[in-house]
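Worksheet: the structure to be examined is printed underneath.
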Amino acid sequence: MVGKSAGGGGVEDAAAAMRRWVEAGGGRLVMDGGLATELEANGADLNDPLWSAKCLLSSPHLIRKVHLDYLEAGANIIITASYQATIQGFESKGFSKEQSEELLSKSVKIAREARDMFLKEQLDRSMQHPILVAASIGSYGAYLADGSEYSGDYGEAGTLEFLKDFHRRRLEVLAEAGPDLIAFETIPNKLEAQAYVELLEECNINIPAWFSFNSKDGIHIVSGDSLIECATISNGCSKVGAVGINCTPPRFIHGLILSIRKVTDKPILIYPNSGERYDADKKEWVESTGVSDGDFVSYVNEWCKDGAVLIGGCCRTTPNTIKAISRSLNQRHCVSHLPVA
């Protein structure tokens, strides 16, 4: 299945593809951690509206290195550096539409190159688990770079047709670049989730997608919309193979998983942030407000019992976090809660 679409597009197909990958991973898959965190740790200056996507222009070798670091740490899924990469954002920097589309494709190419390099190094080892590339699509708020991805308040831009028009070509370009998955991340409101659902159908995307939402209170997503309503929208889309939570403090994940399980039997994925608080005005994370790697990983067994089968980290987590998650899952033999397709 690696590098190929899930096929016919029925509800079972996208979810079944995810289930097969999870089962091939021994009942769980480990996702990578924070990309921007590690790019900065490797010397990248991300003080720019493009954020980590800036490195597609200035230092693609650092993106490749971070992908490799996460694969070495035990990740089965690496997420491309396209979360904040948009055609509109690149055009605002003076690039043509064609150049902007090429930069989007480049994010997938770099991740696939990193996977190939990693697999080549593993030829003398037993590689039984799948290694997947997920093309990241951030929210409209991520493009604005004004913190609205953590509120879901888009003002006059908050219409279904506007959001579909904004994301359409970006989705098509990333899908054409050949990822294994499309990752719709940090979705802050149900309107944008609905826009994604309609685009997946209208653009005839036959690559399994996942939807992940973010929450600040453990009940609603950040806009105040009901998580259960958002998960229901996700569940009703034949192209969505997994539903979950990202960029949310670890302490909230237990209750959020239980809410999602009320309305879907699709695989559940979770990749929380470190628990630190993001200051949207200063555009920085507030240090010493999160949990240590050890505390973060202490939640993992509970999340497995709750039904999560794809587990990783988001902002402010590192390869050390992912290595600890992988080790913990291997030791505990996390039991899959996947229904039969």
Phi-based couplings in Hz for region 263-268 (Karplus 6.51, -1.76, 1.60; Gly and Pro marked x): 10, 8, 10, 5, x, 10
Other-chain or far-sequence residues with amide H under 5 Å of residue 271's (modelled H): 245, 246, 247, 312
Among 64, 251, 316, residue whose mean-square fluctuation peaks in a GNM of the chain (springs only between Cα atoms under 10 Å): 251
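When a/c is below 1.5 the answer is rounded, else prolate if a/b is larger than b/c, else oblate, so apply that to region 113-187 with a ≥ b ≥ c taken from the square roots of the Cα gyration tensor eigenvalues.
Details: a/c = 3.95, a/b = 2.58, b/c = 1.53.
Since a/c reaches 1.5 and a/b is larger than b/c, the shape of region 113-187 is classed as prolate.
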Förster-model FRET efficiency, 30 Å R0, residue 92 and residue 129, C-beta, rounded to 0.05: 0.15
Given 65/106; 97/164; 216/266; 93/216; 190/239; 120/305, the pairs whose alpha carbons are separated by over 26 Å: 93/216; 120/305
DSSP bridge pairs, the chain: antiparallel proportion in percent, nearest 5: 15 percent
Inter-probe distance in nm under a simple model that places probes 7 Å from Cα toward Cβ, at residue 146 and residue 42: 3.2 nm
Estimated vicinal HN-Hα couplings, Hz - region 220-227 in sequence order (Karplus 6.51, -1.76, 1.60; Gly, Pro = x): 9, 7, 4, 6, x, 5, 5, 4
Added length on full extension, which subtracts the Cα-Cα distance from 0.36 nm per residue, residue 121 to residue 153: 7.0 nm
Theoretical gain in end-to-end length, residue 206 to residue 160 [0.36 nm per residue, Cα-Cα removed]: 14.4 nm
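Here, each number is a calculation from the coordinates, and none is a lab measurement. Because the structure is a prediction, the values reported are computed rather than measured. A quick note on method: Cβ atoms are made from the backbone with ideal geometry, for glycine too, and the neighbour counts reach across all protein chains shown.
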